[in-house]
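*Asks:* Below: one structure in structure tokens.
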Amino acid sequence: MTKTLTQGKPFLLILQFSLPLIAGNIFQQLYSMADTLIVGRTIGVNALAAVGCTGGINFLILGFIGGLTTGLSIITAQKFGSGDTTGVRRSFAVSILISTVFTVIMTITSVLITTPLLRLLQTPAEIIADADIYLRIVFFGIPAIILFNLLSNVIRALGDSRTPLYFLILTCVVNVILDYAFILIFHMGVAGAAVATVLAQLLSGILCIIFIMKKMPLLHIRREDFHIDSQNIHIHLITALPMAFQMSIIAIGSLILQFALNRLGPVSVAAYTAAQKIETIATMPMNSFGTAMATYSAQNYGAGRIDRIRKGVTQCILLSGTTSIVLGAVNILVGRQLTALFVSSRETEVIRLSHTYLTITGCCYLILALLFIYRFTLQGLGKSLVPTIAGAMELIMRAFSALILAQHFGYIGASLSNPLAWAGACIPLGIAYYLTMRKSHARSLDLGRVNISSPDSLVP
């Protein structure tokens with residue numbers, strides 16, 4: 001069930017690898033979208049705002065988890081690309097140990113900081129109780145979330161992007177059914193939506209375990225694979241932790257923006273929530289093309305094929321750039337109709353503000369497409385410094401929009417936060433990528449096969 005990305009036409013490999021990722025990411029977002037849609041249309045706008053205002057805090061914690069597990073799997077992909085089967089198993093073993101430690105730390109910490117963070121963000125009084133309940137339940141489910149994220153990323157690292165898709169389709173259906181059951185039958189309110197999401201994630205993780213046991217003997221860990229030296233742990237941590245902190249840095253910017261939105265009132269929060277759900281789906285293809293480049297570049301880096309990485313990036317820019325322009329146009333043209341899926345047609349102000357946001361960001365999706373490609377390619381090379389700097393740039397630009405532009409221009413100023421953040425991050429990422437490719441080309445005759453034990457060997 002494994003697949004190498006080091007041979008064959010880059011365009012077709014990237015497209016074939018990305019298509020299941022696109023579908024899988026969309027279905028994964030349907031967990032959250034199902035919560036939002038059902039909550040908004042069955043409980044009310046305040047409940048919708050309560051779930052929506054948790055987005056920044058959710059991103060802070062779950063983004064860290066996503067970055068950590070993705071970073072760990074990059075080392076696994078590099079080992080697989082180099083043909084080191086023992087290294088693949090030991091990398092998986094290290095990833096399990098590191099993830100276990102962070103599961104305990106993240107669960108305890110997240111549950112403790114939920115209420116203080118909501119108060120710090122000046123969450124409106126009418127929605128803070130529901131928001132607190134929703135977050136606490138989700139954070140108690142962090143073990144299930146880490147389980148699925150780690151295993152699905154490792155499966156993809158070995159070239160299989162289809163299997164996680166199948167699991168996501170099944171669990172998405174389960175999540176929707178549970179949403180309706182817990183909210184409409186058992187009257188659990190927003191707590192029911194949170195419980196449904198956690199149970200769906202747990203089911204996905206269990207399915208990944210079963211699949212690895214039956215279909216991926218390369219990941220069958222032996223006792224000796226856990227005899228891990230400190231250098232191996234170090235290599236994994238210096239790749240994974242910067243990616244995790246990078247996501248958290250970006251999330252802090254989102255929290256600052258959430259603070260500004262909370263001050264604008266529940267209507268603005270609800271509009272932004274609905275627009276974000278639509279945008280998350282719209283940007284999934286660009287995100288998926290970028291994710292594909294992480295595995296593609298990691299495997300080719302392990303195989304010493306820098307020339308294929310350069311060619312793959314060029315072709316991916318064409319593919320993802322075209323997609324971004326089309327999807328941006330869709331959001332601009334039918335944004336009002338899409339927003340009406342989440343709120344009653346009587347909520348005209350929510351629909352108007354949501355469409356305003358979608359119009360502003362839809363014009364800038366090409367920048368986002370480039371950002372994803374450069375960021376994930378650099379991460380696939382094991383290069384962590386510049387993506388972290390780019391994350392800091394996103395934080396600065398979002399803070400500027402939230403604290404300055406939103407204060408003077410209201411909702412429009414807040415809506416400018418993402419486009420400004422994308423542009424601010426894309427500049428250092430683009431420069432770093434092209435400098436890296438230039439240096440690798442100049443040194444290729446001397447370096448020969450890239451030494452994957454030193455992830456930062458290509459740092460300009």
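*Asks:* Per residue of the range 85-98, what does 6.51 cos²θ - 1.76 cosθ + 1.60 with θ = phi - 60° give for ³J(HN,Hα)? Whole Hz please, x for Gly and Pro, Karplus curve as stated.
*Replies:* 5, 5, x, 4, 5, 5, 5, 5, 5, 4, 4, 5, 5, 4
*Asks:* Nearest 10 degrees is fine. How inclined is helix 163-180 to the longest principal axis of the chain, computing both from alpha carbons?
*Replies:* On a 0 to 90 degree scale, this one is about 20.
*Asks:* What FRET efficiency do you get for Thr348 and Ala129 if R0 is 35 Å and r is their Cβ-Cβ distance, rounded to the nearest 0.05?
*Replies:* Plugging the Cβ-Cβ distance into 1/(1 + (r/R0)^6) gives 0.80.
*Asks:* Taking 0.36 nm per residue of sequence separation and subtracting the Cα-Cα distance, how much length would be gained by fully extending the chain between Gln407 and Ile169, in nm to one decimal?
*Replies:* So the chain would gain 81.5 nm between Gln407 and Ile169.
*Asks:* What is the P(r) of the range 233-364, as percent of Cα-Cα pairs per 10 Å bin from 0?
*Replies:* Bin by bin from 0 Å, the calculated values are 11, 29, 30, 19, 9, 1.
*Asks:* Next question. May I ask which residue of Val313, Gly40, Phe245 lies farthest towards the positive end of the charge dipole of the chain, with charges of +1 (Lys, Arg) and -1 (Asp, Glu) on Cβ and the Cα centre as origin?
*Replies:* Selected residue: Val313.
*Asks:* Counting pairs of Cα atoms in the chain, how many percent are more than 35 Å apart?
*Replies:* The share of Cα pairs beyond 35 Å in the chain comes to 27 percent.
*Asks:* Another question about this same structure. Just the C-alpha atoms of the range 80-161: what Rg/Rh do they give, with Rh taken as the Kirkwood radius?
*Replies:* On the Cα set of the range 80-161, Rg over Rh gives 1.18.
*Asks:* Considering only protein heavy atoms and a 1.4 Å probe, what is the carbon-and-sulfur percentage of the accessible area of the range 300-368?
*Replies:* 67 percent
*Asks:* Applying a 10 Å radius around every beta-carbon, put 176-184, 341-349, 239-247 in order of their mean neighbour count, most first.
*Replies:* Most protected by this proxy first, the peptides run 239-247, 176-184, 341-349.
*Asks:* Applying a 10 Å radius around every beta-carbon, put 300-310, 314-324 in order of their mean neighbour count, most first.
*Replies:* 300-310, 314-324
*Asks:* Nothing charged except the Cβ atoms of Lys and Arg (+1) and of Asp and Glu (-1): what's the magnitude of the dipole of the chain about its Cα centre? Round to the nearest 20 debye.
*Replies:* Here the size comes out at about 1120 debye.
*Asks:* Continuing with this model, one more query. Straight-line reach from Lys439: which lysines fall under 17 Å, measuring Cα to Cα and dropping same-chain residues less than 8 apart?
*Replies:* Lys311, Lys383
*Asks:* Set the Förster radius R0 to 35 Å, insert the Cβ-Cβ distance between Leu333 and Thr42 as r into 1/(1 + (r/R0)^6), and round the FRET efficiency to 0.05.
*Replies:* E between Leu333 and Thr42, to the nearest 0.05, is 0.75.
*Asks:* Show which lysines lie in cross-link reach of Lys215 when reach means a straight Cα distance below 28 angstrom and same-chain residues fewer than eight apart are skipped.
*Replies:* Cross-link targets: Lys3, Lys9, Lys79.
*Asks:* In whole Å, what three semi-axes, largest first, describe the equivalent ellipsoid of the range 19-172 built from its Cα gyration tensor (square root of 5 times each eigenvalue)?
*Replies:* 33, 19, 10
*Asks:* How big is the convex hull of the Cα atoms of the range 88-216, per residue, in Å³?
*Replies:* 115 Å³
*Asks:* What's the angle, to the nearest 10 degrees (0 to 90), between helix 190-215's Cα axis and the longest principal axis of the chain?
*Replies:* Value to nearest ten degrees: 20.
*Asks:* Which semi-axes, in whole Å and largest first, does the equivalent ellipsoid of the range 1-110 have when worked out from the alpha carbon gyration tensor as the square roots of 5 times its eigenvalues?
*Replies:* 35, 22, 9
*Asks:* Determine the gain in length on full extension of the stretch Glu224-Tyr434; use 0.36 nm per residue of separation and subtract their C-alpha separation, reporting nm with one decimal.
*Replies:* Contour length minus Cα-Cα distance gives 71.5 nm.
*Asks:* What spacing in nm lies between the two simple spin-label points modelled at Gln231 and Asp84, each 7 Å away from Cα in the Cβ direction?
*Replies:* Each label point is offset 7 Å from its Cα along the Cβ direction, giving 0.9 nm.
*Asks:* Something else: Rounded to the nearest angstrom and ordered from largest down, what semi-axes does the equivalent ellipsoid of the range 286-384 get from its C-alpha gyration tensor (root of 5λ)?
*Replies:* 36, 12, 9
*Asks:* What is the angle, in °, between the Cα long axis of helix 385-400 and the longest principal axis of the Cα atoms in the chain? Nearest 10 is fine, range 0 to 90.
*Replies:* Orientation of helix 385-400: about 10 degrees from the principal axis.
*Asks:* Within 10 Å, count the other beta carbons around each residue, average over each peptide in 268-279, 70-81, and list them highest first.
*Replies:* Result, highest mean first: 70-81, 268-279.
*Asks:* Collect residues whose amide H, placed 1.01 Å from N in the peptide plane, falls under 5 Å from the amide H of Met188; neighbours closer than 5 in sequence don't count.
*Replies:* The answer is Ile183.
*Asks:* How large a share of the accessible area of the range 77-221, in percent, is made up of carbon and sulfur atoms when the probe is 1.4 Å and the other protein chains stay in place?
*Replies:* Answer for the range 77-221 is 72 percent, counting heavy atoms of protein chains only.
*Asks:* Measuring from label point to label point, each 7 Å out along Cα→Cβ, what is the Val326 to Met213 span in nm?
*Replies:* Placing both labels 7 Å beyond Cα along the Cβ direction yields 4.1 nm.
*Asks:* Right, something else. Shape call for the range 152-268 from the C-alpha gyration tensor, a ≥ b ≥ c root eigenvalues: rounded (a/c under 1.5), prolate (a/b greater than b/c) or oblate?
*Replies:* Oblate shape, in that a/c is at least 1.5 and b/c is the bigger or equal ratio.
The values are calculated or read from the model by the stated rules, or taken from the named source; none is laboratory data. Everything numeric in this text was worked out from a predicted model, so none of it was measured. Ideal geometry is used to build each Cβ from the backbone, glycine not excepted, and the neighbour counts take in all protein chains shown. Quick note on the areas: whole protein, heavy atoms, side chains included, nothing else; ligands and nucleic acids left out. Shrake-Rupley method; radii C 1.70, N 1.55, O 1.52, S 1.80 Å.
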